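Novice: First, the structure itself, so that you have it in front of you.
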Amino acid sequence: MVKQVKLADIAQRLGVSVVTVSKALSGQKGVSEELRAKIKTLADEMGYVPIHMQQGERAKTYTIGVITFENYFKQFESFYWKMYQELATRAVKENCFTMLEVISAQDENSGVPSRLIDENRADGIIIIGKPRNEYLKILCQNRKKPMVFLDFYDNEQMIDSVISAGFYGAYQLTDYLIRKGHSRIAFVGTVLYTGSITDRYFGYRRALLENGIEYRDDWIIQDRDYEDGIIGLGYEFKLPEDMPTAFVCNNDVTAYALIKQLEQMGYKVPDDVSVVGYDDYLHPSYGESTITTYLVDTNEMARTALSCILKLIENLAVNTNIHVVNGRIIERSTVKDIR
């Protein structure tokens, strides 16, 4: 059984009193900021857990504000709706509650402030999905409480972020296709629309580069318009005349829609062309997924985001970090081995 770290253990390592450690971790006065930072850093490294958390209950109930955006939520198959549900469920287990605010596209474009932030209605804020850069700046400038980004990061904002291993996941998927004998591989995703799509694009590019495979501009295929961001069956893909033998899609909804369009064009998947997705998520109305994909561990991402925001609320966190959550390839029936 792992030994629980006590205040005395931290005090002994730093050569200070237990009282000093207690004051530093609880935010009380009487400790210099430099020493407080050292104590918090060491406590985190040693895996210290406050007594109220060891007992399975928080000393206080917190309200976690969750902000996301209409462009991500207006489609019923939204991946972010699933992520929010897991976040809300986990928050209840931590004796906390969530308040969801979906920012309309009009308010985002007009720069209308978030009510959760403006009215100071939450103890901490988690933002799911990256908004437009201008609106993100507004959210960050107006924030009055701790904030965490979920499923994106921003180089200009020093804020804790939780993301999936998009670069490595797409790299693995592309390498998987290469090992199945494919060398004519396209990428399907509107690059630069979100950071996650761009990360997956560069993972795809790295796999091609390392295997000495030609990169072609005409094999980079958009999966949405920049303006509305709508994906899925309502979007028509502009496919190249010289068709590849495999497609790496930046999400499963795009992969599903691409497969349907290919079938309408007379192609059979995977006999004629192989397709892989990303996320391992389709709305149940689409039926059971047959897509080979990269599973995003949304449960672990929600757990990590909630842990980050609670540490910030309780003044236990010191350093700002980007937390990368790994997933794994799920093999199904949309890839053909052509070796």
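The values are calculated or read from the model by the stated rules, or taken from the named source; none is laboratory data. Please read these numbers as outputs of a predicted model, since none were measured by experiment. Don't worry about glycine lacking a Cβ; one is built from the backbone with ideal geometry, like all the others, and counts go over all protein chains shown.
Novice: Being within 18 Å of GLU45 (Cβ to Cβ) and small (Gly, Ala, Ser) is the filter here; which residues of the range 4-21 pass it?
Specialist: ALA8, ALA11, GLY15
Novice: While we're looking at this one, here's another question. Would you pick out the residues in the range 68-122 that are part of a loop (DSSP other than H, G, I, E, B), closer than 24 Å to LYS144 by Cα and among the polar types (S, T, N, Q)?
Specialist: Those that are part of a loop (DSSP other than H, G, I, E, B), closer than 24 Å to LYS144 by Cα and among the polar types (S, T, N, Q): ASN95, SER104, SER114, ASN120.
Novice: Kindly establish whether LEU262 is part of a helix (DSSP H, G or I), surrounded by fewer than 15 Cβ atoms within 10 Å (Cβ to Cβ), on the phi < 0 side of the Ramachandran plot and not assigned by TED's automatic domain parsing to the domain that holds TYR153.
Specialist: Taking the combined requirement at face value, the residue does not satisfy it.
Novice: Quick one: which residue in ASP218, ASP279, ASP242 is outside the structural domain of ASN321 (by TED's automatic domain parsing) and either within 30 Å of PHE69 (Cβ to Cβ) or of a type in the set (Val, Ile, Thr) (or both)?
Specialist: Only one candidate qualifies: ASP279.
Novice: Counting only residues that are within 30 Å of ASN109 (Cβ to Cβ), in a loop (DSSP other than H, G, I, E, B) and either out of contact with any helix residue (DSSP H, G or I) (no Cβ under 7 Å at 6 or more places or on another chain) or not assigned by TED's automatic domain parsing to the domain that holds GLY277 (or both), how many does the range 175-207 have?
Specialist: Looking only at that region, the number is 2.
Yes or no, residue by residue, for (1) surrounded by 14 or more Cβ atoms within 10 Å (Cβ to Cβ); (2) at pLDDT 80 or above; (3) within 30 Å of CYS140 (Cβ to Cβ):
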| residue | (1), (2), (3) |
| --- | --- |
| ALA8 | no, yes, no |
| ALA43 | yes, yes, yes |
| MET46 | no, yes, no |
| GLN55 | no, no, no |
| ALA59 | no, no, yes |
| GLY65 | yes, yes, yes |
| GLU86 | yes, yes, yes |
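Novice: Moving on to the next point. How many residues are aromatic (Phe, Trp, Tyr) and in contact (Cβ under 8 Å) with a residue 40 or more places away in the chain if we restrict to the range 72-130?
Specialist: Here the count works out to 5.
Novice: Still on this structure: Being buried (at least 18 other Cβ atoms within 10 Å of the Cβ), among the aliphatic types (A, V, I, L, M) and farther than 24 Å from THR298 by Cα is the filter here, so list the residues in the range 224-257 that pass it.
Specialist: Correct list: LEU239, ALA246.
Novice: State all residues of the range 238-264 that are of a type in the set (A, V, I, L, M, F, W, C) and touching a helix residue (DSSP H, G or I) at 6+ places or on another chain (Cβ under 7 Å); if no residue qualifies, say none.
Specialist: ALA246, PHE247, VAL248, CYS249
Novice: Here are the criteria: (1) among the hydroxyl-bearing types (Ser, Thr, Tyr); (2) buried (at least 20 other Cβ atoms within 10 Å of the Cβ); (3) out of contact with any Phe, Trp or Tyr (no Cβ under 7 Å at 6 or more places or on another chain). Tell me which single one TYR267 does not satisfy.
Specialist: Result: TYR267 fails condition (2) only.
Novice: Here is a check on your reading of the model: is VAL162 surrounded by fewer than 21 Cβ atoms within 10 Å (Cβ to Cβ) and touching a residue at least 12 places away in the same chain (Cβ under 8 Å)?
Specialist: no
Novice: Restricting the range 185-223 to residues that are surrounded by 17 or more Cβ atoms within 10 Å (Cβ to Cβ) and charged (D, E, K, R), which is farthest from PHE79 (Cα to Cα)?
Specialist: ARG205
Novice: Which of the residues that make up the range 206-233 are under 25 Å from the mean Cα position of the chain (by Cα), at pLDDT 95 or above and farther than 15 Å from PHE247 by Cβ?
Specialist: Scanning the range 206-233 gives a single hit, ARG206.
Novice: Restricting attention to the range 208-236, which residues are among the charged types (D, E, K, R) and part of a loop (DSSP other than H, G, I, E, B)?
Specialist: Scanning the range 208-236 gives GLU214, ARG216, ASP223, ARG224, ASP225, GLU227, ASP228, GLU236.
Novice: Kindly list the number of the only condition in (1) modelled with pLDDT under 95; (2) under 21 Å from the mean Cα position of the chain (by Cα) that fails for ARG121.
Specialist: The one condition ARG121 does not meet is (2).
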